[in-house]
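The values are calculated or read from the model by the stated rules, or taken from the named source; none is laboratory data. Source: prediction; values computed, not measured. Because the Cβ atoms are built from the backbone with ideal geometry, glycine has one as well, and the counts that use them run over all protein chains shown. Side chains included, ligands, DNA and RNA excluded: accessible areas come from the protein's heavy atoms. Shrake-Rupley method; radii C 1.70, N 1.55, O 1.52, S 1.80 Å.
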Amino acid sequence: MNTKQWYMEYKIHKNRPGLLGDIASLLGMLEVNILTINGVEDRTRGMLLQTDDDEKIELLGKMLAKVENISIVTLRPPRLTDILAVRHGRYIERDSDDRKTFRFTRDELGLLVDFLGELFKQDGNQTIGLRGMPRVGKTESIIAGSVCANKRWAFVSSTLLRQTVRSQLSEEEMNPHNVFIIDGIVSTIRSNDKHYGLLQDIMAMPSTKVIEHPDIFVRESSFDYDVFDCIIELRNTPDEEITYENFTTAGLDGGF
(Lines give C-alpha, C1' and ligand atoms only; values in the text may rest on other atoms or scores of the structure.)
Protein backbone atom coordinates (compact mmCIF):
# COMPACT_ATOMS: atom_id res chain seq x y z
CA MET A 1 0.00 0.00 0.00
CA ASN A 2 0.99 3.62 -0.52
CA THR A 3 1.50 5.72 2.58
CA LYS A 4 -1.50 7.87 3.49
CA GLN A 5 -2.03 10.66 5.96
CA TRP A 6 -4.76 10.66 8.60
CA TYR A 7 -5.99 13.30 10.98
CA MET A 8 -6.84 12.21 14.53
CA GLU A 9 -8.32 14.55 17.10
CA TYR A 10 -9.29 13.57 20.61
CA LYS A 11 -10.77 15.36 23.58
CA ILE A 12 -9.05 14.98 26.93
CA HIS A 13 -11.33 14.29 29.89
CA LYS A 14 -8.57 13.74 32.43
CA ASN A 15 -5.09 14.94 31.50
CA ARG A 16 -3.21 12.50 33.69
CA PRO A 17 0.62 12.27 33.60
CA GLY A 18 1.85 9.97 30.85
CA LEU A 19 -1.36 10.07 28.79
CA LEU A 20 0.32 11.38 25.65
CA GLY A 21 3.18 8.94 26.11
CA ASP A 22 0.76 6.00 26.28
CA ILE A 23 -0.97 7.08 23.08
CA ALA A 24 2.37 7.64 21.33
CA SER A 25 3.53 4.19 22.44
CA LEU A 26 0.38 2.62 21.00
CA LEU A 27 0.96 4.40 17.71
CA GLY A 28 4.58 3.23 17.74
CA MET A 29 3.60 -0.41 18.25
CA LEU A 30 1.20 -0.12 15.31
CA GLU A 31 3.98 1.52 13.27
CA VAL A 32 1.84 4.59 12.67
CA ASN A 33 4.03 7.69 12.36
CA ILE A 34 3.18 11.00 14.04
CA LEU A 35 3.97 13.78 11.56
CA THR A 36 2.62 16.72 13.57
CA ILE A 37 1.02 17.12 16.97
CA ASN A 38 -0.48 20.15 18.67
CA GLY A 39 -3.20 21.23 21.04
CA VAL A 40 -6.34 22.27 19.15
CA GLU A 41 -8.70 24.58 21.04
CA ASP A 42 -9.40 23.80 24.72
CA ARG A 43 -8.44 20.35 26.07
CA THR A 44 -8.34 18.90 22.57
CA ARG A 45 -5.28 17.47 20.84
CA GLY A 46 -4.78 16.95 17.11
CA MET A 47 -2.33 14.66 15.35
CA LEU A 48 -1.38 14.30 11.71
CA LEU A 49 -0.54 10.61 11.22
CA GLN A 50 0.95 8.54 8.41
CA THR A 51 0.69 4.83 7.68
CA ASP A 52 0.69 2.42 4.75
CA ASP A 53 -2.08 0.24 6.20
CA ASP A 54 -5.65 1.55 6.55
CA GLU A 55 -6.57 -1.38 8.81
CA LYS A 56 -4.15 -0.05 11.43
CA ILE A 57 -6.14 3.19 11.59
CA GLU A 58 -9.38 1.26 12.00
CA LEU A 59 -7.81 -0.82 14.78
CA LEU A 60 -6.40 2.35 16.39
CA GLY A 61 -9.85 3.90 16.53
CA LYS A 62 -11.35 0.83 18.18
CA MET A 63 -8.57 0.60 20.78
CA LEU A 64 -8.67 4.30 21.72
CA ALA A 65 -12.46 4.12 22.05
CA LYS A 66 -11.81 1.98 25.15
CA VAL A 67 -9.55 4.57 26.81
CA GLU A 68 -11.58 6.33 29.51
CA ASN A 69 -9.47 9.49 29.75
CA ILE A 70 -10.09 10.56 26.16
CA SER A 71 -12.73 10.37 23.45
CA ILE A 72 -12.01 10.37 19.73
CA VAL A 73 -13.55 13.40 18.01
CA THR A 74 -12.19 12.88 14.48
CA LEU A 75 -10.31 10.14 12.66
CA ARG A 76 -10.25 10.69 8.90
CA PRO A 77 -8.06 11.61 5.92
CA PRO A 78 -6.96 15.19 6.59
CA ARG A 79 -8.73 18.19 5.16
CA LEU A 80 -6.90 21.46 4.65
CA THR A 81 -8.60 22.87 7.75
CA ASP A 82 -7.33 19.89 9.78
CA ILE A 83 -3.73 20.43 8.66
CA LEU A 84 -3.91 24.13 9.56
CA ALA A 85 -5.58 23.35 12.89
CA VAL A 86 -2.62 21.18 13.90
CA ARG A 87 -0.16 23.75 12.56
CA HIS A 88 -1.72 26.76 14.32
CA GLY A 89 -3.48 25.15 17.28
CA ARG A 90 -6.97 26.31 16.36
CA TYR A 91 -9.68 25.73 13.79
CA ILE A 92 -10.68 28.26 11.16
CA GLU A 93 -14.17 29.55 11.85
CA ARG A 94 -16.76 28.55 9.26
CA ASP A 95 -20.27 29.83 8.64
CA SER A 96 -22.77 27.39 10.11
CA ASP A 97 -25.20 27.90 7.20
CA ASP A 98 -22.75 28.31 4.31
CA ARG A 99 -19.90 25.87 4.88
CA LYS A 100 -17.78 27.32 2.08
CA THR A 101 -17.49 30.66 3.93
CA PHE A 102 -14.47 31.02 6.23
CA ARG A 103 -14.04 33.82 8.78
CA PHE A 104 -10.88 35.53 10.03
CA THR A 105 -10.05 38.60 12.10
CA ARG A 106 -7.08 40.89 11.58
CA ASP A 107 -5.13 39.35 14.47
CA GLU A 108 -5.30 36.02 12.58
CA LEU A 109 -3.52 37.26 9.45
CA GLY A 110 -0.81 34.62 9.86
CA LEU A 111 -3.43 31.87 9.77
CA LEU A 112 -5.20 33.53 6.81
CA VAL A 113 -1.96 33.83 4.81
CA ASP A 114 -1.17 30.16 5.50
CA PHE A 115 -4.71 29.19 4.43
CA LEU A 116 -4.46 31.20 1.20
CA GLY A 117 -1.00 29.81 0.52
CA GLU A 118 -2.29 26.23 0.73
CA LEU A 119 -5.24 27.09 -1.54
CA PHE A 120 -2.94 28.75 -4.09
CA LYS A 121 -0.73 25.64 -4.24
CA GLN A 122 -3.64 23.72 -5.75
CA ASP A 123 -3.61 23.54 -9.54
CA GLY A 124 -6.60 24.05 -11.79
CA ASN A 125 -9.54 26.41 -11.84
CA GLN A 126 -10.62 27.97 -8.55
CA THR A 127 -12.24 31.27 -7.64
CA ILE A 128 -11.96 32.70 -4.13
CA GLY A 129 -14.02 35.61 -2.84
CA LEU A 130 -12.60 37.92 -0.16
CA ARG A 131 -14.93 40.18 1.83
CA GLY A 132 -13.73 42.93 4.14
CA MET A 133 -13.86 46.60 4.97
CA PRO A 134 -11.27 49.10 3.65
CA ARG A 135 -7.67 48.72 4.82
CA VAL A 136 -8.27 45.52 6.77
CA GLY A 137 -5.46 43.70 4.91
CA LYS A 138 -7.20 41.89 2.04
CA THR A 139 -4.78 42.58 -0.82
CA GLU A 140 -1.71 42.27 1.39
CA SER A 141 -2.89 38.83 2.53
CA ILE A 142 -3.39 37.69 -1.06
CA ILE A 143 0.13 38.78 -2.01
CA ALA A 144 1.63 37.13 1.08
CA GLY A 145 -0.30 33.93 0.33
CA SER A 146 1.07 33.97 -3.22
CA VAL A 147 4.60 34.26 -1.84
CA CYS A 148 3.94 31.30 0.49
CA ALA A 149 2.73 29.25 -2.47
CA ASN A 150 5.71 30.38 -4.59
CA LYS A 151 3.29 31.78 -7.17
CA ARG A 152 3.43 35.01 -9.14
CA TRP A 153 0.48 37.35 -8.87
CA ALA A 154 -1.06 39.68 -11.43
CA PHE A 155 -3.32 42.64 -10.68
CA VAL A 156 -6.28 42.72 -13.05
CA SER A 157 -7.88 45.53 -11.05
CA SER A 158 -6.93 46.99 -7.69
CA THR A 159 -6.87 50.04 -5.42
CA LEU A 160 -3.76 49.04 -3.47
CA LEU A 161 -1.78 52.09 -4.59
CA ARG A 162 -3.96 53.83 -7.14
CA GLN A 163 -6.96 52.67 -9.09
CA THR A 164 -5.74 49.96 -11.48
CA VAL A 165 -7.90 48.86 -14.41
CA ARG A 166 -6.01 46.68 -16.87
CA SER A 167 -7.24 46.31 -20.44
CA GLN A 168 -4.58 43.74 -21.35
CA LEU A 169 -1.92 41.60 -19.69
CA SER A 170 1.41 40.48 -21.07
CA GLU A 171 1.95 36.89 -22.20
CA GLU A 172 3.95 36.26 -19.03
CA GLU A 173 1.19 37.68 -16.84
CA MET A 174 -1.44 35.52 -18.56
CA ASN A 175 0.27 32.35 -17.34
CA PRO A 176 -2.50 30.16 -15.81
CA HIS A 177 -0.17 29.29 -12.91
CA ASN A 178 -0.32 32.89 -11.70
CA VAL A 179 -2.72 34.18 -9.05
CA PHE A 180 -5.04 36.81 -10.56
CA ILE A 181 -6.19 39.55 -8.19
CA ILE A 182 -9.47 41.26 -9.05
CA ASP A 183 -11.23 44.10 -7.24
CA GLY A 184 -14.95 43.40 -7.65
CA ILE A 185 -15.89 47.09 -7.40
CA VAL A 186 -13.29 48.42 -9.82
CA SER A 187 -13.84 45.66 -12.39
CA THR A 188 -17.62 46.05 -12.56
CA ILE A 189 -18.40 49.69 -11.74
CA ARG A 190 -15.22 51.61 -12.58
CA SER A 191 -14.11 49.71 -15.68
CA ASN A 192 -14.55 49.87 -19.46
CA ASP A 193 -15.48 47.37 -22.17
CA LYS A 194 -11.85 46.37 -22.87
CA HIS A 195 -11.27 45.60 -19.21
CA TYR A 196 -14.48 43.60 -18.96
CA GLY A 197 -13.42 41.55 -22.00
CA LEU A 198 -10.11 40.79 -20.30
CA LEU A 199 -11.99 39.88 -17.13
CA GLN A 200 -14.16 37.40 -19.05
CA ASP A 201 -11.04 35.76 -20.52
CA ILE A 202 -9.38 35.44 -17.11
CA MET A 203 -12.51 34.03 -15.47
CA ALA A 204 -12.57 31.32 -18.16
CA MET A 205 -8.92 30.35 -17.55
CA PRO A 206 -8.04 27.19 -15.52
CA SER A 207 -6.32 29.30 -12.89
CA THR A 208 -6.66 30.80 -9.41
CA LYS A 209 -8.66 34.02 -9.20
CA VAL A 210 -9.17 36.01 -5.99
CA ILE A 211 -12.00 38.54 -6.13
CA GLU A 212 -12.20 41.23 -3.47
CA HIS A 213 -15.75 42.46 -2.73
CA PRO A 214 -17.46 39.38 -4.26
CA ASP A 215 -20.96 40.65 -3.44
CA ILE A 216 -20.54 43.75 -5.58
CA PHE A 217 -18.92 41.61 -8.28
CA VAL A 218 -21.98 39.33 -8.40
CA ARG A 219 -24.45 42.22 -8.19
CA GLU A 220 -22.86 44.19 -11.04
CA SER A 221 -21.78 41.40 -13.41
CA SER A 222 -23.18 38.37 -15.20
CA PHE A 223 -21.54 35.99 -12.71
CA ASP A 224 -23.31 34.45 -9.72
CA TYR A 225 -22.19 32.97 -6.40
CA ASP A 226 -21.81 29.50 -7.92
CA VAL A 227 -18.55 30.67 -9.51
CA PHE A 228 -16.90 30.82 -6.07
CA ASP A 229 -15.25 27.74 -4.60
CA CYS A 230 -14.98 29.47 -1.23
CA ILE A 231 -15.52 32.91 0.29
CA ILE A 232 -13.30 34.39 2.98
CA GLU A 233 -14.39 37.14 5.36
CA LEU A 234 -11.75 39.32 7.03
CA ARG A 235 -12.74 41.66 9.86
CA ASN A 236 -10.94 44.01 12.22
CA THR A 237 -12.97 42.53 15.10
CA PRO A 238 -15.27 39.48 15.26
CA ASP A 239 -18.41 41.62 15.50
CA GLU A 240 -17.53 44.07 12.71
CA GLU A 241 -20.23 44.39 10.06
CA ILE A 242 -19.09 44.23 6.44
CA THR A 243 -21.18 46.81 4.61
CA TYR A 244 -20.97 48.20 1.07
CA GLU A 245 -23.11 51.32 1.49
CA ASN A 246 -20.31 53.81 0.81
CA PHE A 247 -17.97 51.66 -1.27
CA THR A 248 -19.13 52.68 -4.74
CA THR A 249 -19.37 56.40 -3.99
CA ALA A 250 -16.19 56.89 -1.94
CA GLY A 251 -12.98 57.97 -3.60
CA LEU A 252 -10.90 55.01 -4.64
CA ASP A 253 -7.46 56.51 -4.11
CA GLY A 254 -7.60 55.62 -0.41
CA GLY A 255 -7.68 51.93 -1.26
CA PHE A 256 -10.15 49.23 -0.38
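Each residue, K4 and R43, gets one label point 7 Å from its Cα in the Cβ direction; the gap between the two is 3.2 nm. Residues in segment 197-213 carry Karplus couplings, in order, of x, 4, 4, 4, 5, 5, 5, 8, 6, x, 9, 8, 10, 10, 10, 6, 6 Hz; the curve used is 6.51 cos²θ - 1.76 cosθ + 1.60 with θ = phi - 60°, and Gly or Pro positions show x. Ranking T3, T127 from most to least accessible surface, computed with a 1.4 Å probe over the protein chains only, gives T3, T127.
Ranking M133, M29 by solvent-accessible area of protein heavy atoms (1.4 Å probe, all protein chains present), from largest to smallest, gives M29, M133.
All Cα-Cα distances of segment 100-140, cut into 10 Å bins from zero to the largest, leave 23, 59, 18, 0 percent in each bin in turn. Taking amide H positions as modeled 1.01 Å from N, with prolines and chain starts lacking one, the residues under 5 Å from Q126 and 5 or more places away or on another chain are S207, T208, K209. Cα-based radius of gyration for segment 1-144, normalised by 2.2 N^0.38 Å, reads 1.21. Here the Debye sum runs over all C-alpha atoms of segment 162-252 as equal scatterers in vacuum, and log10 of I(q)/I(0) at q = 0.11, 0.25 Å⁻¹ comes out as -0.34, -1.49. By the Cα gyration tensor, the chain has an equivalent ellipsoid whose semi-axes, rounded to whole angstrom, run 42, 20, 14 from largest to smallest.
Legend: calculated FRET efficiency, S167 to N125, from the Cβ-Cβ distance at R0 = 25 Å, rounded to 0.05, equals 0.60. Solvent exposure of segment 53-207, expressed per residue, is 50 Å² of accessible area, with all protein chains present and a 1.4 angstrom probe.
For segment 174-226, compute Rh as the Kirkwood radius over C-alpha pairs and then the Stokes-Einstein diffusion coefficient at 10 °C and 1.306 mPa s; write the answer in µm²/s, rounded to an integer. Roughly 141 µm²/s, to the nearest whole number.
Could you state the angle between the C-alpha long axis of helix 19-29 and the longest principal axis of the C-alpha atoms of the chain, as a value from 0 to 90 degrees rounded to the nearest 10? The helix 19-29 is inclined about 80 degrees to the chain. Label-to-label distance for K194 and E68 is 7.7 nm, based on points extended 7 Å past Cα in the beta-carbon direction.
Using the beta-carbon distance between M174 and D98 and R0 = 41 Å, what value does 1/(1 + (r/R0)^6) give for FRET efficiency, to the nearest 0.05? It comes to 0.80.
Listed values for segment 118-125 are Karplus-derived 3J(HN,Hα) couplings in whole Hz (6.51 cos²θ - 1.76 cosθ + 1.60, θ = phi - 60°), namely 5, 5, 5, 5, 6, 7, x, 7, and x replaces Gly and Pro.
Which percent of the accessible heavy-atom area of segment 103-206 goes to carbon and sulfur, probe 1.4 angstrom? Carbon and sulfur together cover 47 percent of it.
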